[in-house]
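Remarks on the structure that follows.
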Amino acid sequence: MESAMSAGIAVAEALQNQLPWLENVWLWVNFLGDPKSLFLFYFPAAYYASRRVGIAVLWISLIAEWLNLVFKWLLFGDRPFWWVHESGYYSQAPAQVHQFPSSCETGPGSPSGHCMITGAALWPIMTAISSQMATRTHSRWVRMIPSLAYITFLLAVGLSRVFLLAHFPHQVLAGLITGAVLGWLMAPQVPMERELSFYGLTSLALLLGTSLIYWTLFTLGLDLSWSISLASKWCERPEWVHVDTRPFASLSRDSGSALGLGIALHSPCYAQAGQHSLEAL
């Protein structure tokens, strides 16, 4: 594992120093691949285009983010920006790498949340566009464009995470594979018409399930705040430490989204809007 991490630092060094003109590209790709962007941008845009696809994006986002939190607690992955200091790597082979304002995330590093969550949530968008293009063209190459765009974007997101010293390549690879598998498995199973109680119970299950896992690991003597301490210790500037990347921050977003989705779908305003749409047709 030490050799894999050392190789990851070498890749980050190459990205930072051999291709400096791509710095702004990596920063933008990192922003576009942020799981928060799924809730703020991708979900509204997808929902505007297709109600089914929009709900699938939000639903898969919150479930994948919750799973990513659990995986990170269990796998205890270091992040490069603190590992180079804690491991003594600098004293053995000084690396010419530096941090960015987006580097100092506080959760464990494995697997990459950007790759896993975004990869899973964008799957229904990719498959929906592929299905539409398949009905409009007989060209095999044209039908492959959505899949190629999906793969290219996720690879770029993974490279941006390595560039920022937020993840090692093996953490990115784990996130990419897990995200694609989750998207493939979950997209056909997204609940579309459920009672409000279903969404409320889902939100409660996310909260209680996470609390149970947390206290079980804590009782076993595991320090789940270890990554927060290391991030605060080795981040170059205190203002770069991202409080919203602490594990329970994503949990509040996920449980709130599950409950909010149920309330929105069962609100009188939503029912009235749906009725008006049917009348217009």
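The values are calculated or read from the model by the stated rules, or taken from the named source; none is laboratory data. These numbers were taken from a predicted model, which means no experiment stands behind them. Glycine gets a Cβ as well: all are built from the backbone with ideal geometry, and neighbour counts include every protein chain shown. In case anyone asks, the SASA skips ligands and DNA or RNA and just uses the protein heavy atoms, side chains included. Shrake-Rupley method; radii C 1.70, N 1.55, O 1.52, S 1.80 Å.
One table, with the values for the structure above:
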read-out: Extreme residue, nearest to Gly256 (Cα to Cα), among residues of the stretch 29-59 that are within 11 Å of the chain's Cα centre (by Cα) and aliphatic (A, V, I, L, M); value: Leu38
read-out: Of the criteria (1) open to solvent by less than 20 Å² (accessible area, probe 1.4 Å); (2) at pLDDT below 95; (3) farther than 30 Å from Trp234 by Cβ, which one Ile60 fails; value: (2)
read-out: Residue list for the stretch 249-267, filter: touching a residue at least 12 places away in the same chain (Cβ under 8 Å), assigned to a helix (DSSP H, G or I) and open to solvent by 30 Å² or more (accessible area, probe 1.4 Å); value: Arg253, Gly256, Leu259, Ile263
read-out: Some residue of the stretch 113-130 being within 28 Å of Pro191 (Cβ to Cβ), of a type in the set (Val, Ile, Thr) and loosely packed, with under 14 Cβ neighbours inside 10 Å; value: no
read-out: All positions within the stretch 75-97 that are in contact with a helix residue (DSSP H, G or I) (Cβ under 8 Å, 6 or more places away or on another chain) and either at pLDDT 90 or above or β-branched (Val, Ile, Thr) (or both); value: Gly77, Asp78, Arg79, Pro80, Phe81, Trp82, Trp83, Val84, Val97
read-out: Inter-residue pairs, beta-carbon under 7 Å, first hydroxyl-bearing (Ser, Thr, Tyr) and in the stretch 216-243, second open to solvent by less than 70 Å² (accessible area, probe 1.4 Å), 6+ apart; value: Ser227/Thr106; Ser227/Gly107; Ser227/Pro108; Ser232/Val241
read-out: Total residues in the stretch 201-229, condition open to solvent by less than 30 Å² (accessible area, probe 1.4 Å) and modelled with pLDDT of 90 or more; value: 7
